[in-house]
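Q: One structure, pasted below without further comment.
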C-alpha cells in the first residue's frame, strides 16, 4: 500500500477502499492512455506522485459539503482523486467534472462506473456551463489565471472561490491577471514540486478606468 500518511499524517483515515480505488484508477488510466491522450507518457510510471498526490493535496483547502466544478478535468484530475480521498477526510464533496471532449467523457463515465463513485460528468463547453448555485472552481493543467477568470467572469456571483494547481510560471500569470482584475490570492506550497503551488483566488473584480 502506498504510504499516503507521509503526506497527510495528521488528517487522513486511509482505508483499504481508498487504496483499492486508486489501484483501479491507475490501471484503467493506463489502459485508456493507449487510445486517447490523457496523461503524458513520461508520467505513466509515477502516477501516484505526479498525479494522485498532486491532486489530493488540495483537500485541506476544501470544506465539508462543498460544491466543486472541475473545469477541463481531462483524466479526472483533480476531481475524481478528490472524490476518492474525501471519505478519508470525512468530507462530502459534490463534484461536477466539466469536459468538452466526448472521448474523455466516455473515459470519465467508465471510470465513474468501475470505481463506484458519486460524481457528475458533464460533456459541455466550459463557456456554456451555467452555474446556478454557490460553487468553487478548481483547475489543474488548464488555462492561465487571466484566461480562467475571463471564462468564469459572467458567473462570479455564484462562485465562492477559484482554486488552481499551478507550476513555476504562476507569478507571471498572477501579474498578467492583475492588469485586468483585482482579486485576493493565497498561495500554498505544493507537496510534489518546489516550483509549484496552489492558488486560492477570491473577491474578483474587474478593473475599471
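Q: Just wondering, is there one or more residues in the range 119-131 that are in contact with a helix residue (DSSP H, G or I) (Cβ under 6 Å, 6 or more places away or on another chain), buried (at least 23 other Cβ atoms within 10 Å of the Cβ) and part of a helix (DSSP H, G or I)?
A: no
Q: Within the range 58-68, does at least one residue satisfy the condition of being in contact (Cβ under 8 Å) with a residue 24 or more places away in the chain and under 13 Å from residue 22 (Cβ atoms)?
A: No, there is no match, as no residue in the range 58-68 is in contact (Cβ under 8 Å) with a residue 24 or more places away in the chain and under 13 Å from residue 22 (Cβ atoms).
Q: Under 6 Å by Cβ, and 6 or more places apart or on different chains, what pairs join a residue from the range 41-57 that is under 13 Å from residue 196 (Cα atoms) with one that is assigned to a helix (DSSP H, G or I) and modelled with pLDDT of 90 or more?
A: 50/43; 55/81
Q: Is it fair to say residue 100 is free of Cβ contacts under 8 Å to residues at least 40 places away in the same chain, under 22 Å from residue 149 (Cα atoms) and more than 12 Å from the chain's Cα centre (by Cα)?
A: yes
Q: Determine which member of the set 81, 58 is within 20 Å of residue 131 (Cβ to Cβ) and either surrounded by 23 or more Cβ atoms within 10 Å (Cβ to Cβ) or under 17 Å from the mean Cα position of the chain (by Cα) (or both). Before you say what the answer is, go through the steps one by one.
A: On the way: 81 fails: within 20 Å of residue 131 (Cβ to Cβ).
Checking each option against the conditions leaves just 58.
Q: I've got another one for you. Any residue in the range 169-192 that is over 18 Å from residue 78 (Cα atoms), modelled with pLDDT under 95, surrounded by fewer than 16 Cβ atoms within 10 Å (Cβ to Cβ) and in contact with a strand residue (DSSP E or B) (Cβ under 9 Å, 6 or more places away or on another chain)?
A: Checking the range 169-192: not a single residue is over 18 Å from residue 78 (Cα atoms), modelled with pLDDT under 95, surrounded by fewer than 16 Cβ atoms within 10 Å (Cβ to Cβ) and in contact with a strand residue (DSSP E or B) (Cβ under 9 Å, 6 or more places away or on another chain).
Q: Could you tell me whether residue 11 is modelled with pLDDT under 95, within 30 Å of residue 158 (Cα to Cα), touching a helix residue (DSSP H, G or I) at 6+ places or on another chain (Cβ under 7 Å) and surrounded by fewer than 17 Cβ atoms within 10 Å (Cβ to Cβ)?
A: The answer is yes for residue 11.
Q: Another question, then. Exactly one of (1) more than 21 Å from residue 186 (Cα to Cα); (2) at pLDDT below 95; (3) assigned to a helix (DSSP H, G or I) is unmet by residue 104. Its number?
A: Single failed check for residue 104: (2).
Q: Checking the condition modelled with pLDDT of 95 or more, touching a helix residue (DSSP H, G or I) at 6+ places or on another chain (Cβ under 6 Å) and assigned to a helix (DSSP H, G or I), which residue from 113, 83, 146 passes?
A: Values: 113 fails: touching a helix residue (DSSP H, G or I) at 6+ places or on another chain (Cβ under 6 Å); 83 fails: touching a helix residue (DSSP H, G or I) at 6+ places or on another chain (Cβ under 6 Å).
Going through 113, 83, 146 in turn, the sole match is 146.
The values are calculated or read from the model by the stated rules, or taken from the named source; none is laboratory data. Quick caveat: nothing in here was measured; it's all calculated off a predicted structure. Glycine gets a Cβ as well: all are built from the backbone with ideal geometry, and neighbour counts include every protein chain shown.
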